[in-house]
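*Asks:* One structure, as structure tokens, below. Some questions next.
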Amino acid sequence: MKRVLIILITFIGISAFAQKAEVKSAQKLFDKGNLEEAKSMADKAFDLYDQADKKLKARVLFVKGEVYAKLGGKDFSNYETAVKTLEDLKAYEKEIDRDKYTDDAKNILVDVEKEVANAGFKLYEGKKYTDAAKAFEMVYSLNKNEYYKYTAAFSHLLAEDYKKAEKLFDELYKSGYTGVTEYYTALNKATNKRERVDEKTGKLLVQAGTHADMKKEKSENLRPKIVSNLLYIYGKEGDDTKAMKFIADAKKEDPNNLDLLIGEANYYLKKDEKQKFIETMKKAVAIEPNNKIFNFNMAATLFQMKKYDDAKKYYEKVIKLDPKYLDAYKGLIYIDLVPEKKIMDELNKDEVLNNDNLYYKYKGQLKDLYKSVLPKLEEASKIGPNDFDIWQMLKQIYYELDMKDKLKQAKEKVEELK
């Protein structure tokens, strides 16, 4: 029995000695930049982790985490291993009331956070949304900044992984996250563009004379998108019950919540329930009567519903709020041109084509219609000088009204815009 115990003790001693040698070799290889060999040695040392003493355990974790963090760019799973290992190290040193490697581990994790965030945005730009979501979730696990939870949720949504997207958006909604942050900008005199600056740097740049007009600004409120995206997910999943419950519960909390009203309206629009969209948007317009986007969406939907008089009122209101809102002008023009189809249908009937009096009667109606629309079209062409639709309509009307000089100009513009 004693022999067995002696052999066992000897074996553990040899293992511990080998482990120390492997950790030391891994560190040396890491310092020389031989990362793959360092990884192999670090893994060997970690295989004997349970047999190490307290000091050696911490060093094993640190070296493994350090090596995998450096290897991260080659394979994303390396970052995952590095983060887990270094977090384990921090927890272990806290447990044994020792912090020899904790500060260094924190610094490495800060670098990993930056690298993974940059990788996530590159993956997002490359439309690799599933991988981007994975990266953003890792960044969130490190810094608890909910912006990264939002970007992860949105990436899952674009990847059509609705369950994961729903979970994250739901957490963000319940936490009250808005994403609104304050920051400073200053006008770069050389480029005539605004640049983000911190307060101290901005003041120095203004004093130096290179920048001007430093001011505090706020970032976009992301809450409307969170609400809208949740309702979009419920719509994609065909879960009307969940969508209606979400709307009802949120309304109890704040019945005049504009974010919720817009999300609800978008949900109805995606479901092609135009009447419910209008009813909901009316509430939004009542809260923000001078919001040109709300009024325009009302007008456009009413136009689709062939409620032209109501649509016209909203288009006119949009133009009053913003005299250069081109799409509102186009909306009014489309309303004015509604009779065109009916006249054209009459003109193409055999009994009209074979009857000169009838033919010229409807031809006259068409010309009168075009003459009434022409001033609005020409005004719209000044607001949107490169709008293809406007110039295409002008070309047709100049032709019908035999306005040869202007027809030539319109033809040239249409060809240019093609």
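*Asks:* Just to check I understand the Karplus step: with θ = phi - 60° and J = 6.51 cos²θ - 1.76 cosθ + 1.60, what whole-Hz values come out for the stretch 360-367, glycine and proline as x?
*Replies:* Values, residue by residue: 6, 4, 6, 5, x, 4, 5, 5 Hz.
*Asks:* Which length gain, in nm to one decimal place, applies between ALA190 and LEU204 when the Cα-Cα distance is subtracted from 0.36 nm times their residue separation?
*Replies:* 3.4 nm
*Asks:* Then there is this: Using alpha-carbon pairs under 8 Å, 6+ residues apart, how would you state the relative contact order of the chain in percent?
*Replies:* Relative contact order of the chain: 5 percent.
*Asks:* Label-point separation (nm) for GLN409 and LYS371, each offset 7 Å from Cα along Cα-to-Cβ?
*Replies:* Roughly 2.0 nm, to one decimal.
*Asks:* With just the Cα atoms defining each centre, how far is the stretch 362-376 from the stretch 117-142? Give it in Å.
*Replies:* 56 Å
*Asks:* Mind giving me the FRET efficiency for VAL110 and LYS242? R0 is 45 Å, r the Cβ-Cβ distance, nearest 0.05 is fine.
*Replies:* E(calc), rounded to 0.05, equals 0.70.
*Asks:* Any chance you could run the full-extension gain for LYS271 through ASP97? It's 0.36 nm times the residue separation minus the Cα-Cα distance, nm to one decimal.
*Replies:* Taking 0.36 nm per residue and subtracting the Cα distance, the gain is 56.8 nm.
*Asks:* Now a separate question. Can you work out ³J(HN,Hα) from phi for every residue in the stretch 266-282, in order, using Karplus 6.51 cos²θ - 1.76 cosθ + 1.60 and θ = phi - 60°, giving whole Hz and x for Gly and Pro?
*Replies:* Result, rounded to whole Hz: 4, 4, 5, 5, 5, 7, 6, 9, 5, 5, 5, 4, 4, 4, 6, 5, 4.
*Asks:* Under a plain spin-label model, where a point goes 7 Å from the Cα along Cα-to-Cβ, how far apart in nm are LEU321 and LYS341?
*Replies:* For the pair LEU321/LYS341, the computed spacing is 2.8 nm.
*Asks:* Using the number of other C-beta atoms within 10 angstrom as an exposure proxy, rank PHE277, PHE169 with the fewest first.
*Replies:* Lowest to highest Cβ neighbour count: PHE277, PHE169.
*Asks:* Listed highest first by mean packing, meaning other Cβ atoms within 10 Å per residue, what order do 343-355, 56-68 come in?
*Replies:* 56-68, 343-355
*Asks:* If each residue of separation counts as 0.36 nm, what is the full-extension length gain between TYR308 and GLU125 once their alpha-carbon separation is subtracted?
*Replies:* 61.7 nm
*Asks:* Work out the length of the dipole vector of the stretch 339-417 about its Cα centre, built from +1 on the beta-carbon of each Lys and Arg and -1 on the beta-carbon of each Asp and Glu, and round it to the nearest 20 debye.
*Replies:* So the magnitude is around 180 debye.
*Asks:* What translational diffusion coefficient, in µm²/s and rounded to a whole number, does the Stokes-Einstein relation yield for the chain at 4 °C and a viscosity of 1.567 mPa s, taking the hydrodynamic radius as the Kirkwood radius over Cα pairs?
*Replies:* 46 µm²/s
*Asks:* Between LYS174 and ASN291, what is the label-to-label distance in nm when each label sits 7 Å out along the Cα-to-Cβ direction?
*Replies:* Between LYS174 and ASN291, the simple spin-label model gives 2.7 nm.
Just so you know, all these numbers are worked out from the coordinates, no wet-lab data involved. What you are looking at is a predicted structure, and each value in this text was computed from that prediction instead of being measured. Positions of Cβ are backbone-derived with ideal geometry, glycine not excepted, and every protein chain shown enters the neighbour counts.
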